[in-house]
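Below is one structure, written out as structure tokens; the observations come after it.
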Amino acid sequence: MSATAAKAASVNVWKAMHWDEGDLIPASEVLICWKDGLLRGITDVMVTRFPNDAHYFDNHWDGTSGACYGDWLKPGEHTMTPESVFGEMAAFYGFATKEVAEKAIVMFARIKECHWARKMLASDSYERLAKGGLVAHWR
């Protein structure tokens with residue numbers, strides 16, 4: 001079985017949308033992966049724990065950031081943080097579809113320090129995403 005097939009089989013996407021405070025991933029342990037559709041923008045995003053989920057390094061992802069880099073969260077002029085990664089995704093690459101952008105917000109909301117992403121989902125938008133079939137875009 002390929003790494004991509006193994007990854008797809010092991011990801012419980014519905015659980016990724018529902019989390020308890022204890023399930024939040026500290027920024028110091030996070031791995032952020034994305035698929036770049038070239039001129040179309042980002043077509044897929046996954047936020048998971050590193051190195052426990054190191055099997056996410058496979059041919060599916062075009063870019064990664066997070067705890068896999070030694071200068072992650074180190075203070076400086078160009079500090080690598082979840083916010084800077086999300087900002088680069090939105091401003092530099094863009095998202096291929098509204099659904100991918102929504103998935104990115106949900107994925108970043110899994111990071112303990114990303115209160116901003118959870119606030120974006122605070123009202124009824126979380127239920128709207130779930131009821132609207134966003135999970136269908138995650139397969």
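Readers should treat all values here as calculations from the given coordinates under stated rules, not as data from a laboratory. It should be emphasised that the depicted structure is a prediction, and the values quoted were computed from it without experimental measurement. Neighbour counts are summed over all protein chains in view; Cβ atoms, including those assigned to glycine, are modelled from backbone coordinates with ideal geometry.
Below is a table of values for the structure above.
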{"item": "Ranked by how many other beta carbons lie within 10 Å on average, peptides 64-70, 90-96 from highest", "result": "64-70, 90-96"}
{"item": "Amide proton proximity set for F95, modelled H, under 5 Å, gap of 5+", "result": "I42"}
